[in-house]
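Structure first, commentary second.
All of the numbers you see were taken from the coordinates with simple rules; none came from a lab. Keep in mind that what you see is a predicted model, and the values were worked out from it rather than measured. Here the Cβ positions follow ideal geometry from the backbone for every residue, glycine too, while neighbour counts run over all protein chains shown.
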């Protein structure tokens, strides 16, 4: 199956809409019981596939935009914007921790994507809790106003809560 490009879609849409306008004009100027009026009606119906094509294009673009999630730049060095204190980790949480550096700071029903300097599983396995942990936020402009000093949160690895924490300070 050949993928339809945007320029081809535009040409097809313009053609179908032009034929529909031609059909509307034919219906308007033709006498009521005539072959020209019937052909105009058939041409007028051509706007339906054009609208269907437009809706399909919009839905496809919406799904692509929803799937595009921003991520940390792998080439960029770790630069923390937040220092937190992790206060408790359950034994079950250690099993849920992954080798990823990505985590989520959850406050109620809000979540903010962050990353650690080392893999989260390694940091949690080292023990020594409570411990201070620097975090880099994916969208600091959005997250920092909600993460004032003293704010309590849960640290998630994937969908598993791996630690409870409290914000100590902004910056490293």
| Can you give the extra length, in nm with one decimal, that the chain gains between residue 79 and residue 45 once fully stretched, where that is 0.36 nm per residue apart less the Cα-Cα distance? | 6.3 nm
| request: Note down the nm distance, to one decimal, between modelled labels 7 Å out along Cα→Cβ at residue 131 and at residue 64. | output: 4.4
| said: Going by Cα centres, segment 98-164 and segment 1-60 are how many Å apart? | reply: 54
| query | How big is the Rg/Rh ratio for the chain, C-alpha atoms only, Rh by Kirkwood, two decimals? | reply | 1.39
| request: List the relative contact order of the chain as a percent without decimals, with contacts defined as Cα pairs under 8 Å and 6+ residues apart. | output: 22
| How many nm is it between the label spots at residue 160 and residue 146, if each spot is 7 Å from the Cα in line with the beta carbon? | 2.4
| field | Modelled FRET efficiency - R0 25 Å, residue 117 with residue 87, Cβ distances, 0.05 increments | value | 0.85
| field | Percent of Cα-Cα distances greater than 14 Å, calculated over segment 6-67 | value | 61
| Mean residue ellipticity (222 nm) of the chain, computed from DSSP H runs ≥ 4 via -39,500 (n - 2.57), nearest 500 | -13000 deg cm²/dmol
| field | Highest average packing first - 161-168, 133-140, Cβ atoms within 10 Å | value | 161-168, 133-140
